[in-house]
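Have a look at this one.
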Amino acid sequence: MLLSLNWLREFVPYAGSAEELGERLTMLGLELEEIVHPFHEIREMVLGRVLTCEDHPDSDHLHVCSVDLGGEEPVTIVCGAPNVAKGQLVVVAPVGSTMPGGFQIKKAKLRGVPSNGMICSEREMGLSDDHSGILVLPETDRHGNPFKVGSSFVKAMEMDTEVLDLSITPNRADCLSVLGIARLVAAAYGLPLTPPEFKLEEHGADCSGEYAIEIKNPDFCPCYCGRVLENCTTEKSPYWIRYRLHAAGLRPISNLVDVTNYILMELGQPLHAFDADTLKGGKIIIQSAKEGQKFTTLDGQERTLKESDGLICDAENAIALAGVMGGLDTEISSTSKNVFLECALFKPASIRRTARRLGLNSDASYRFERGVDHEGMAYALDKAAYLMQTYAKGTVRKGICKAEPKPFSPARISFRPSRPEFILGMPISEDFCEKTLLALDCKIEKTSKEEWTVYAPGRRYDLTREADLVEEIAIFNGIDNMPSTLPKLSHTLEHCGKTEGQHHFIMRAKHFLAGLGMNEAINYSFVGNNDLDMLNLPKEDRVNIINPLSAEQDVLKTHLAAGILQSVRENIAHGALGLRLFEIARTFHKDEQSETTVKERLHLIFALYGNRFDNAWGNGEEETDYTDLRGFVDHFVADFLHLEAMRVQKLSSHPYLSPAVELSTDNGQVVGIMGRVQKNIAEEYYAKKSIWIADLELDTLEELSRGKKPHFTPLPVYPAVRRDMTFICPQEMPVKTVLDAICQSKGKFFTGAELRDLYIPKDSNERNLTFRLTFQSLDKTLEDKEVDKEREKIAQAVMKALNIRM
């Protein structure tokens with residue numbers, strides 16, 4: 001947001017410097033990026049009067065002019081502009097001044113005639129692209145006072161010499177205008193807020209019924225209104241509007257269009273001017289677009305629309321993409337005379353979705369996306385009509401065309417005056433709370449001594465709860481005035497055992513994984529389409545970036561492997577011999593049913609590479625393999641999530657893993673995959689050894705683990721007894737199948753089993769699985785005969801259940 005200090009002072013009598021104001025606004029939540037001086041390069045230009053203008057004796061297009069610059073004697077300037085004439089008030093770059101771009105004005109001779117300066121056009125001063133001739137000024141300023149020859153051009157035009165470039169956070173839509181920041185400055189400094197006065201004159205018959213406004217979805221458009229102007233003259237805007245828009249970063253177009261942009265920057269209300277002669281049927285209809293409907297916007301581009309896009313239509317055709325951009329067929333042109341001036345309010349989420357999808361991020365959509373002031377619509381519409389009446393010589397018809405299916409209702413907030421002191425941990429008086437809220441234009445009803453009812457103004461979409469009001473009070477009290485002691489937080493036993501938030505769950509998971517000896521990788525959410533193609537991932541659900549940071553970051557990640565493999569490559573390139581990496585992040589998939597058209601899922605990915613142990617003396621050079629990966633996954637599932645061991649099913653194929661196995665719960669719900677990155681893909685990431693990856697759906701696992709609570713079991717005091725048993729079973733029978741059968745047939749002393757050995761005889765389709773069973777009693781020391789009896793019982797049950805032998 002570019003804020004002109006001069007423009008601000010038209011609303012509030014701030015007398016300090018731009019630097020002081022920037023520092024104060026930063027402390028109020030608006031960060032100052034820099035202070036811009038948009039007209040610094042033309043500061044040496046002065047006003048001059050052309051006393052005489054004669055043809056150059058040796059040229060058919062040059063003129064020899066005598067120009068009064070306010071000095072003792074006029075100066076001679078040779079000018080080639082076709083529109084230079086005697087008596088004009090012009091802008092002169094005197095000898096010794098420097099033009100934009102660095103060109104210095106010196107004394108010269110043009111075809112034998114001395115020239116002591118340069119009469120300038122707007123293009124030469126960097127004010128516009130107009131180079132049809134020199135800039136000819138009016139005789140008086142905007143207040144009716146005559147200009148003085150020899151005075152500074154910048155000062156005489158009251159140009160905005162100091163402009164603050166402010167970074168506005170998304171929640172502060174009320175500060176996206178000069179008036180909005182003026183309100184904040186007035187509240188901060190205790191100054192009066194006095195917007196410039198104007199008097200709108202209406203003529204002719206009442207036009208309120210001339211256009212029937214029909215709103216088909218009140219949630220999308222709570223209010224729509226417009227004024228009718230007749231017999232306007234479309235021409236260049238007065239200089240002060242053009243130069244003010246230039247300082248605000250906008251390009252002047254014509255008086256009618258410039259007025260809508262002026263109000264946009266001054267009051268924060270987007271407006272649109274339609275050529276009324278192109279509107280059909282006396283109707284304005286606000287409705288949803290049809291799926292696949294075509295519409296040509298002001299920039300001449302044909303857009304393909306969706307049902308979620310809003311359209312403004314007349315009785316026959318679409319005339320604007322609601323809240324984003326007008327249509328080409330109804331735009332204001334040089335021949336426009338009659339105007340329908342629109343002022344509307346649209347649902348922010350809908351405008352944001354349309355603007356993002358189509359890549360149309362206009363100043364109007366930027367404000368609609370964040371919310372405009374419902375209460376300020378009438379004032380903005382009248383101010384714009386007044387400016388058009390004044391500078392386009394238009395006749396403003398009586399009445400307003402309006403439909404308001406959802407009238408404004410202020411947010412009603414319960415507020416306890418004692419709450420700020422409790423939350424902030426510092427004394428905050430009740431009087432200060434009241435003074436601050438009133439300065440923010442909130443209305444207060446003191447329903448009781450302990451609790452007030454506060455009504456937020458329509459422009460403050462961010463004030464919805466008591467904590468928001470406390471935040472405003474803290475800001476106006478001064479964040480830098482807060483003591484450095486932490487506030488006291490009272491927790492009772494009622495807080496224990498409550499469901500934790502996802503952020504806390506993720507942080508616990510990260511600490512747990514770091515405790516397992518892993519290192520966290522943090523990557524961008526963006527990767528390249530080439531990265532996903534390399535992993536043979538499908539293209540159908542990709543979310544491509546319209547304006548990517550680079551060609552290597554033009555799509556959102558659909559799999560975390562695309563990011564963590566880049567981390568592996570970077571570490572290998574820096575000489576790492578062994579890696580244990582994990583990343584917790586979101587994947588993004590195209591989903592037309594979602595409000596954002598994107599579905600997000602939280603994933604956890606492991607990546608193991610190279611040496612199993614650190615490269616230190618005494619450690620062997622063993623290479624990580626599937627067992628290491630499986631160990632990390634099993635530890636995380638069992639010890640952190642407190643879930644049963646995952647079922648493992650080998651996959652016949654996978655886009656980038658070979659071999660690969662699928663992880664699922666006992667009821668068959670798939671929760672992840674594990675495997676080795678295919679050799680040809682691993683080589684693309686500089687890997688000389690195997691890369692092992694496990695990708696878990698953390699959203700699903702978190703949901704499954706919710707409510708799981710660890711329980712304490714007393715440690716046994718009697719010794720455990722272990723027995724081994726070997727089963728001969730088919731090679732295709734999973735180890736887990738045998739292990740589950742052992743556990744299901746357990747007796748009263750059986751406490752656990754684990755695989756100890758695996759042997760495959762030569763030329764055999766069977767394999768020997770040796771398990772170690774543990775038996776223990778909480779009450780006594782077991783005797784051998786008790787353990788042998790229990791072991792035999794388990795062996796018989798497993799052989800019978802699985803049809804295998806020992």
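The values are calculated or read from the model by the stated rules, or taken from the named source; none is laboratory data. Predicted, not measured: the structure shown is a model, and the values here were computed from it. Every residue, glycine as well, gets a Cβ built from its backbone with ideal geometry; the counts of neighbours run over all protein chains shown.
Based on what the data block shows, is Leu47 modelled with pLDDT of 95 or more and over 30 Å from Arg370 (Cβ atoms)?
Yes, satisfied.
What number of residues in the range 248-263 are out of contact with any strand residue (DSSP E or B) (no Cβ under 7 Å at 6 or more places or on another chain) and closer than 15 Å to Glu342 by Cα?
Here the count works out to 4.
Related question: Working only within the range 426-442, note down all residues that are surrounded by 15 or more Cβ atoms within 10 Å (Cβ to Cβ) and either in contact with a Cys (Cβ under 8 Å, 6 or more places away or on another chain) or not in a helix (DSSP H, G or I) (or both).
Listed by number, the residues that qualify are Ile428, Leu440, Asp441, Cys442.
Residues checked against (1) under 55 Å from the mean Cα position of the chain (by Cα); (2) within 29 Å of Phe636 (Cβ to Cβ); (3) in the same structural domain as Val648 (by TED's automatic domain parsing):
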{"site": "Leu698", "(1), (2), (3)": "yes, yes, yes"}
{"site": "Leu701", "(1), (2), (3)": "yes, yes, yes"}
{"site": "Pro710", "(1), (2), (3)": "yes, yes, no"}
{"site": "Leu715", "(1), (2), (3)": "yes, yes, no"}
{"site": "Thr726", "(1), (2), (3)": "no, no, no"}
{"site": "Glu732", "(1), (2), (3)": "yes, yes, no"}
{"site": "Val735", "(1), (2), (3)": "yes, yes, no"}
{"site": "Thr751", "(1), (2), (3)": "yes, yes, no"}
{"site": "Arg767", "(1), (2), (3)": "no, yes, no"}
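Continuing with the same structure: Just checking, does the range 557-571 include any residue being more than 25 Å from Tyr609 (Cα to Cα), within 27 Å of the chain's Cα centre (by Cα), part of a loop (DSSP other than H, G, I, E, B) and of a type in the set (Ser, Thr, Tyr)?
no
With the requirement that a residue be acidic (Asp, Glu), touching a residue at least 40 places away in the same chain (Cβ under 8 Å) and assigned to a helix (DSSP H, G or I), what does the range 1-50 give you?
Glu41, the sole residue that qualifies.
Something else now. Consider the range 524-538. How many of its residues are closer than 15 Å to Tyr685 by Cα and crowded, with 16+ Cβ neighbours inside 10 Å?
6
Turning to a different aspect of this structure: Given the conditions (1) under 40 Å from the mean Cα position of the chain (by Cα); (2) at pLDDT below 95, report the number of the one that Ala720 does not fulfil.
Checking Ala720 against (1) under 40 Å from the mean Cα position of the chain (by Cα); (2) at pLDDT below 95, the one that fails is (1).
Follow-up question, since we're still on this one. Any residue at all in the range 155-162 that is modelled with pLDDT under 95, farther than 30 Å from Val372 by Cβ and in a helix (DSSP H, G or I)?
Yes, there is a match, as at least one residue in the range 155-162 is modelled with pLDDT under 95, farther than 30 Å from Val372 by Cβ and in a helix (DSSP H, G or I).
While we're here: Among the candidates Glu445, Glu450, Glu421, Glu404, which residue alone is among the acidic types (Asp, Glu), under 22 Å from Arg370 (Cα atoms) and either loosely packed, with under 15 Cβ neighbours inside 10 Å or out of contact with any Lys or Arg (no Cβ under 9 Å at 6 or more places or on another chain) (or both)?
Result of the check over Glu445, Glu450, Glu421, Glu404: Glu404.
Also, I was wondering about something else. Output the strands (runs of 3 or more DSSP E) that fall wholly within the range 54-145 and possess 1 or more residues being among the hydroxyl-bearing types (Ser, Thr, Tyr), or say none.
Ranges flagged: 63-68, 75-79, 113-115.
With respect to Thr464, is the statement that it is in contact (Cβ under 8 Å) with a residue 24 or more places away in the chain and assigned to a helix (DSSP H, G or I) true?
Against the criterion (in contact (Cβ under 8 Å) with a residue 24 or more places away in the chain and assigned to a helix (DSSP H, G or I)), Thr464 does not qualify.
Same structure, new question: Considering only the range 266-314, how many residues are under 19 Å from Ala364 (Cβ atoms) and assigned to a loop (DSSP other than H, G, I, E, B)?
Count: 11.
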